[in-house]
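A quick write-up on the structure given underneath.
The values are calculated or read from the model by the stated rules, or taken from the named source; none is laboratory data. All values reported here derive from a predicted model rather than from experimental measurement. Quick reminder, even Gly has a Cβ in these numbers, built from the backbone with ideal geometry, and neighbours come from all protein chains shown. Each accessible area value is taken on the protein alone, full model and side chains, heavy atoms only, with ligands, DNA and RNA left out. Shrake-Rupley method; radii C 1.70, N 1.55, O 1.52, S 1.80 Å.
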Amino acid sequence: MLARMSQTSPTLSPAAPEQPAASTRRWWTLVTVALAQLMVVLDSTVVNIALPSAQADLGFDDADRQWIVTAYSLAFGSLLLFGGRLSDLIGRKRAFIIGLIGFAGASALGGAASTFGLLVGARALQGAFGALLAPTALAVLTTTFTVPKERARAFGIFGAIAGAGGAVGLLLGGVLTEQLDWRWNLYINVVIALVAIAGAIVFVTSVPRVGPRPKLDVPGTILVSAALFSLVYGFSNAESDGWDSPSSWGFLTASGVLLIAFVLWQRRAEHPLLPLPIVLHRNRAASYSAILIAGAGMFGIFLFVTYYLQATLKFTPIQTGLGFLPMIAMLVLAAQLSTNIFVPRFGPKVMVPIGMTIAASGMVYLTHLGVTANYAVDLLPPLMILGFGMGSTMPAAIQTATLGVDRHYAGVASAMVNTSQQVGGSIGTALLNTLAATAATDYVASHLPPTPAVAAEAAVHSYATAYWWGAAFFAFGAVLTAFLYRRRSATPAPVPAGPDAAADAPEPVVAH
C-alpha cells in the first residue's frame with residue numbers, strides 16, 4: 001500500500017522494467033541462472049577438498065598450495081565490477097553465454113593440468129570468467145522478474161543457493177575426490193555449464209539496446225580493479241605471512257589509496273563505471289554491508305567446522321559434507337519463508353537484523369564444542385540455527401541491493417553484491433585464521449609440555465575463538481543494518497541513466 005510519494009527529480013530516468021516474459025519462460029530462466037550461480041559458488045570450496053590429492057599428484061609443496069585458491073579469488077574479486085559493467089555494455093545474454101563458455105573451458109584446462117603452473121593459470125582464468133558470469137547471472141534475474149511476488153520467490157531461491165553453495169561444494173568435493181578423482185572437481189563444471197548454456201540460448205531473453213551505445217569508463221575500471229586486487233591480495237598475504245608482513249600492509253594501504261582515487265574519479269567521470277547513487281542509497285548500502293559481514297562470518301562456519309569434523313572428530317570428506325546438509329535444508333526453508341512471507345510484511349529493516357542475530361546465536365552455540373562431541377546433540381542444533389539465520393539474511397539483502405536500479409546499470413549493481421561477498425570472505429579468511437592461530441599458540445604456551453592431548457585441546461580452543469569472533473561479526477551486522485535500513489522500506493531511487501542526472505533525488509517510499 002502506498003504510504004507517501006515524494007517528488008522525483010525530472011533529470012532522473014526511472015528504472016524501466018523490461019516486458020515480462022511468459023511465466024514458464026521466466027522460471028526456466030531462473031533454473032538456468034541458478035545453475036550458473038551454483039557453479040561459481042561451488043568452485044570457491046569444492047577445490048579445497050581436492051587440494052591434498054592434487055598436491056600428491058602434481059608434486060607442489062605446502063607453500064605453493066594456497067595459490068590454487070588465491071589465484072581464483074584474486075582474479076574473481078578484482079574483476080567483478082568490470083565484469084558487471086561489461087554485461088551492461090555488450091548485453092546480458094551474450095555476456096552470460098560467454099561467461100559460461102569461458103568458465104567451462106578454464107575448468108577443463110585445470111582438470112587436464114599436468115603441472116602446478118598450468119593449474120594455477122586455469123584457476124585464475126576461472127576467476128576472470130566467473131567475474132563476468134556471477135554479476136551477469138544476478139542481473140538477468142533482476143531484469144527478468146519485475147512482478148514483486150515472483151521477484152521475491154526468485155530471489156529467495158537465488159539467495160539460498162548463494163548461502164548454501166559453499167556447503168554443497170564440500171559435499172560434492174568429497175564425493176568426487178573419494179569416488180572418482182580430484183580432477184573431476186573441475187570437470188564437473190563443464191557438465192553444469194553445458195546444461196546452462198543450452199538453457200541460456202533457449203530461455204534467456206536478449207533485450208535490444210535503447211538509445212546511444214554506452215561507453216566503458218577505462219580509468220575507473222583500472223583504478224577499481226587494481227584496488228580490489230590489492231585488497232584481496234593483502235588479506236590473503238596476511239593469512240599466509242602474518243599481519244607483521246610489510247607486503248600485507250603495503251597492498252592494503254595501496255588498496256585504500258586506489259579506492260579513494262576511484263571514488264573521486266567517479267564523481268567527475270562522464271560515463272562512471274559505478275554511479276555513486278547505487279552505493280550511497282541507504283537501503284543498498286545496508287544490503288551491501290550485510291552481505292560483506294555475512295561473508296566474513298560464514299567463513300567461520302565452513303572453514304572451522306570442517307577442520308573440527310575432519311581433524312578432531314575424524315570425519316571423512318563425504319561425512320563432513322553430509323554433516324552440513326541439515327544446515328542447507330534450514331537455509332532453504334528460511335529463505336523461502338523470508339522472501340514469501342516475512343520480507344513483504346516486515347521489510348529488510350526487520351528481517352536482516354533478526355537473521356544476523358539468529359546466526360550470531362548459532363555461532364555462540366558452537367563455542368561449547370570439545371575434543372569429543374556427539375553430532376546429533378552438539379553440532380546439529382547450532383548448524384540448523386546458523387542455516388535459519390543465513391536464510392533469513394541473504395535473500396532479503398540481495399533482493400534489496402538490486403531493487404530499483406535502472407536496467408542499464410543492473411550488471412554493475414549486481415557485481416557489487418558479489419564484490420561485497422568476496423571481500424567479506426577475504427577479510428574473514430585473514431582475520432579468523434590469524435585469531436585462531438594466535439589462540440592456539442597461546443593455549444599451548446600456557447599448558448606445557450606440548451603433548452598430543454594439549455595440541456588437540458589447543459585446536460578446539462582456536463576454533464572456539466573463531467566462533468566468538470564470527471558471532472561478533474554477525475552481532476555488529478545486526479546493529480549496523482538495524483540503523484541503516486529505512487524504517488519504511490522503499491523502492492530505492494532509480495540510478496541516473498545519464499551523466500547529468502542528480503545523485504541525491506528523493507525516492508518514492510512504500511510501506512510494507
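Here is how the numbers come out for the structure above:
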| quantity | calculated |
| --- | --- |
| Unmet criterion (only one of (1) closer than 22 Å to VAL232 by Cβ; (2) open to solvent by 50 Å² or more (accessible area, probe 1.4 Å); (3) small (Gly, Ala, Ser)) for ALA56 | (1) |
| For LEU369: the one exception among (1) assigned to a helix (DSSP H, G or I); (2) open to solvent by 10 Å² or more (accessible area, probe 1.4 Å) | (1) |
| Cross-chain or 6+ apart pairs with Cβ under 8 Å, the stretch 174-195 first and over 13 Å from GLY111 (Cα atoms), then modelled with pLDDT of 90 or more | ALA193/LEU100; ALA193/ILE101; ALA193/PHE103; ALA193/ALA104; ALA193/SER107; LEU194/ALA104 |
| Matching helices (runs of 4 or more DSSP H) fully within the stretch 35-116 where at least 2 residues are modelled with pLDDT under 80 and among the acidic types (Asp, Glu) | 62-90 |
| Of the criteria (1) under 19 Å from GLY424 (Cα atoms); (2) surrounded by 14 or more Cβ atoms within 10 Å (Cβ to Cβ), which one THR253 fails | (2) |
| Residue under evaluation ALA455, criteria (1) more than 28 Å from ASN48 (Cβ to Cβ); (2) surrounded by fewer than 19 Cβ atoms within 10 Å (Cβ to Cβ), criterion not met | (1) |
| Residues being surrounded by fewer than 18 Cβ atoms within 10 Å (Cβ to Cβ), without any contact (Cβ under 8 Å) to a residue 24 or more places away in the chain and of a type in the set (A, V, I, L, M, F, W, C) - total across the stretch 91-127 | 2 |
| Subset tally (residues that are out of contact with any helix residue (DSSP H, G or I) (no Cβ under 9 Å at 6 or more places or on another chain), in contact (Cβ under 8 Å) with a residue 24 or more places away in the chain and not hydrophobic (A, V, I, L, M, F, W, C)) for the stretch 264-303 | 2 |
| Filtered residues of the stretch 418-444 (kept if in contact with an Asp or Glu (Cβ under 8 Å, 6 or more places away or on another chain) and closer than 19 Å to MET390 by Cβ) | THR429 |
| Cβ-Cβ under 6 Å pairs, at least 6 apart or on other chains, the stretch 313-329 side in contact (Cβ under 8 Å) with a residue 12 or more places away in the chain, far side β-branched (Val, Ile, Thr) and crowded, with 22+ Cβ neighbours inside 10 Å | PRO317/ILE49; THR320/THR306 |
| ALA294 vs. criteria at pLDDT 85 or above and more than 20 Å from ALA227 (Cβ to Cβ) | yes |
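This table checks each residue for (1) part of a loop (DSSP other than H, G, I, E, B); (2) among the polar types (S, T, N, Q); (3) surrounded by 20 or more Cβ atoms within 10 Å (Cβ to Cβ); (4) modelled with pLDDT of 90 or more.
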position: SER361; (1), (2), (3), (4): no, yes, no, yes
position: LEU380; (1), (2), (3), (4): no, no, no, yes
position: ILE385; (1), (2), (3), (4): no, no, yes, yes
position: MET394; (1), (2), (3), (4): no, no, yes, no
